[in-house]
Amino acid sequence: MVYCLYWLELDRTRDTSGTSSPQVFIFRGAACIIFRLTTIQTEIGPRNMDLIKWAYSWGSAIAQNPKYANRVGLALLCFDGLLSYAILRKVPYTEIDWEAYMEQVSQYRAGERDYRNIKGGTGPLVYPAGHVYIYNWLYSLTDGGAQRERVQAAFWMAYMVTLWLAIACYRKASAPPWILCLLVLSKRLHSIYLLRFFNDCFSTLLIFASIFLVQSRQYTLSAVLYSLSVGVKMSSLLYLPALGLIFVLSTGSTGKAIRLATLILQIQVVLAVPFVASENGSLAGYLSRAFEFSRAFLWKWTVNWRFVGEGTFSSSWFKIGLLAVHVSLLLFFLATRWLKPVRGGMIQFARNLVSGADPEEANRTAVRTDGVYMLTTLFTCNMIGMLCARSLHYQFYSWVAWTTPFLLWRSGWGVSFVVLVWAAQEYAWNVYPSSRISSAVAVGCMALQLVGVWAGTSDKDRKQEKEAKQKRT
């Protein structure tokens with residue numbers, strides 16, 4: 001019957017030249033799959049069916065058991081390395097900001113140190129000093145930006161290192177191996193790293209190195225790399241509330257946390273010295289450009305808020321409203337989720353900040369701030385910032401894509417929910433230019449992640465965490 005339908009469709013869609021249209025090949029493939037599915041059990045026999053069931057059960061066990069994450073992660077690194085190489089060979093580079101970055105660096109190399117005077121084809125230099133140093137290195141590596149193959153090799157390496165760090169962070173949080181697969185399937189993420197050359201690639205690499213180190217309780221190194229990430233792009237500041245909280249809870253000392261914060265600030269000062277202390281430098285010029293919080297955004301480039309309309313997007317009350325929602329969500333998660341390691345909640349935490357925590361209780365709190373707590377808190381804090389961002393451009397997907405699989409899994413709402421929301425988000429960020437529908441989907445997916453992680457980390461739902469820890473042991 002299936003083949004009869006196939007041949008009928010073949011005759012109907014065959015063109016006058018005697019060749020078949022693309023629809024015929026699609027229909028033929030679907031017909032063959034249906035036919036094979038209806039006959040496969042009869043052909044392979046009971047014994048082979050048992051073998052298939054065993055293989056499925058074995059594969060499912062591997063996909064769910066965190067102790068296999070190391071092997072699955074290694075396989076995914078090999079797979080994505082080959083996939084990325086194929087993309088570099090087959091897909092052409094797209095010029096967006098690279099030439100402007102090289103123009104800005106050439107002015108820096110010529111001796112200009114006043115940030116207000118450094119400009120490129122797309123506008124003034126609006127990133128901190130770390131950005132300049134990285135692209136100055138790329139300028140030297142690529143003969144002024146002319147050797148594009150070397151540029152792509154550098155960004156390919158940044159992508160692979162970031163992927164490895166993300167997998168390592170997931171492993172420390174006892175995440176199941178199957179969600180690691182979603183890290184390597186994003187079309188937009190590959191495009192950002194391999195074909196666009198944005199500075200987000202290096203900033204996210206440094207932030208994941210910092211997260212991995214804080215999970216390993218290497219707080220000083222974590223603070224250093226976090227500050228370097230901020231020194232490349234100030235989007236890393238979205239992680240600061242959660243990272244500061246983790247420093248306080250994990251070290252058990254407000255004083256230690258303050259010293260780490262001081263270290264972060266000192267590194268920013270060191271990075272800025274050439275642009276501040278030089279003869280033609282300017283502190284006001286550097287701060288106003290590198291950390292410009294009053295920057296205006298264009299509605300035509302927004303990925304997330306196109307559906308609200310240009311009038312609303314450009315209004316001052318919309319900007320203030322987003323800031324109010326951002327602060328409110330941070331306080332809400334702090335009060336209801338992030339202070340769970342502290343006995344006594346918000347009130348006891350405030351007392352500990354002022355008068356110091358009891359040493360024994362501080363040790364118990366530090367133990368409770370394990371890898372899964374840290375990653376959940378940090379990723380949630382960043383996602384709150386992304387949801388409430390004034391405007392997101394396509395390169396900001398690198399701040400979202402690495403965290404989405406984990407946050408969706410933490411909801412505890414099953415594989416179908418994770419895959420569907422991930423796919424919807426991937427669709428939204430691949431629509432160019434963005435539409436009202438795609439922007440609404442993008443915002444909705446981020447909101448769903450926050451709702452899911454809040455629900456999945458409640459006191460009534462600890463089954464997922466316990467099962468993950470049992471499997472890992």
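The values are calculated or read from the model by the stated rules, or taken from the named source; none is laboratory data. All of these numbers come straight from a predicted model, not from anything done at the bench. So basically every Cβ, Gly included, is an ideal-geometry build from the backbone, and we count neighbours across all protein chains shown. Remember, those area values only see protein heavy atoms, side chains included, never the ligands or the DNA or RNA. Shrake-Rupley method; radii C 1.70, N 1.55, O 1.52, S 1.80 Å.
Here segment 269-376 has 67 percent of its accessible surface on carbon and sulfur atoms, given a 1.4 Å probe and all protein chains in place. Atom-type composition of the exposed protein surface of segment 137-259 places 65 percent of the accessible area on carbon and sulfur (1.4 angstrom probe). Shape of segment 275-387 from its Cα gyration tensor (a ≥ b ≥ c, root eigenvalues): rounded if a/c is under 1.5, otherwise prolate when a/b > b/c, or oblate? Cα axes put segment 275-387 in the oblate bin.
With a simple spin-label model that places each label point 7 Å from the Cα along the Cα-to-Cβ direction, the separation between residue 148 and residue 269 comes to 4.4 nm. Here's how it looks for residue 120: its modeled amide H is under 5 Å from those of 125, which are all 5 or more places away or on a different chain.
Rolling a 1.4 Å probe over the heavy atoms of the protein chains gives segment 327-397 an accessible area of 41 Å² per residue. Cα-Cα over 24 Å: which of 256/340; 67/256; 90/187? Over 24 Å apart, Cα to Cα: 67/256. Heavy-atom accessible area with a 1.4 Å probe sorts 319, 233, 67, largest first, into 67, 319, 233.
Selection among 86, 108, 118 by position relative to the dipole of segment 84-179 gives 86 as farthest towards the positive end (Cβ unit charges, Cα centre).
On a per residue basis, segment 153-256 carries 25 Å² of accessible surface, using protein heavy atoms and a 1.4 Å probe. Please give the Cα centre distance for segment 137-151 versus segment 315-334, rounded to the nearest Å. Centre-to-centre (Cα) distance: 41 Å. Here segment 163-301 is assigned +1 on the Cβ of each Lys and Arg and -1 on the Cβ of each Asp and Glu. Its dipole about the Cα centre then comes out at about 380 debye.
Let a ≥ b ≥ c be the square roots of the eigenvalues of the Cα gyration tensor of segment 374-453; is it rounded (a/c under 1.5), or, if not, prolate (a/b larger than b/c) or oblate? Cα axes put segment 374-453 in the oblate bin. In order along segment 199-212, phi translates into HN-Hα couplings of 6, 4, 4, 7, 5, 5, 4, 5, 5, 6, 5, 5, 5, 4 Hz, rounded to whole numbers, per the Karplus curve 6.51 cos²θ - 1.76 cosθ + 1.60 with θ = phi - 60° and x for Gly and Pro.
Taking Cα centre as origin and charging only the Cβ of basic (Lys, Arg, +1) and acidic (Asp, Glu, -1) residues, the dipole magnitude of segment 258-347 rounds to 440 debye. Is the shape of segment 170-254 best called rounded, prolate or oblate, per the rule: a/c under 1.5 gives rounded, else a/b larger than b/c gives prolate, else oblate, with a ≥ b ≥ c the square roots of the Cα gyration tensor eigenvalues? Oblate, because a/c is 1.5 or more while a/b does not exceed b/c.
Segment 429-452 and segment 348-407 have their alpha-carbon centroids 22 Å apart. 3J(HN,Hα) along segment 304-321, derived from phi through the Karplus expression 6.51 cos²θ - 1.76 cosθ + 1.60 where θ = phi - 60°, amounts to 9, 10, 4, 6, 7, x, 5, x, 5, 4, 7, 6, 6, 5, 5, 4, 5, x Hz, with x in place of Gly and Pro.
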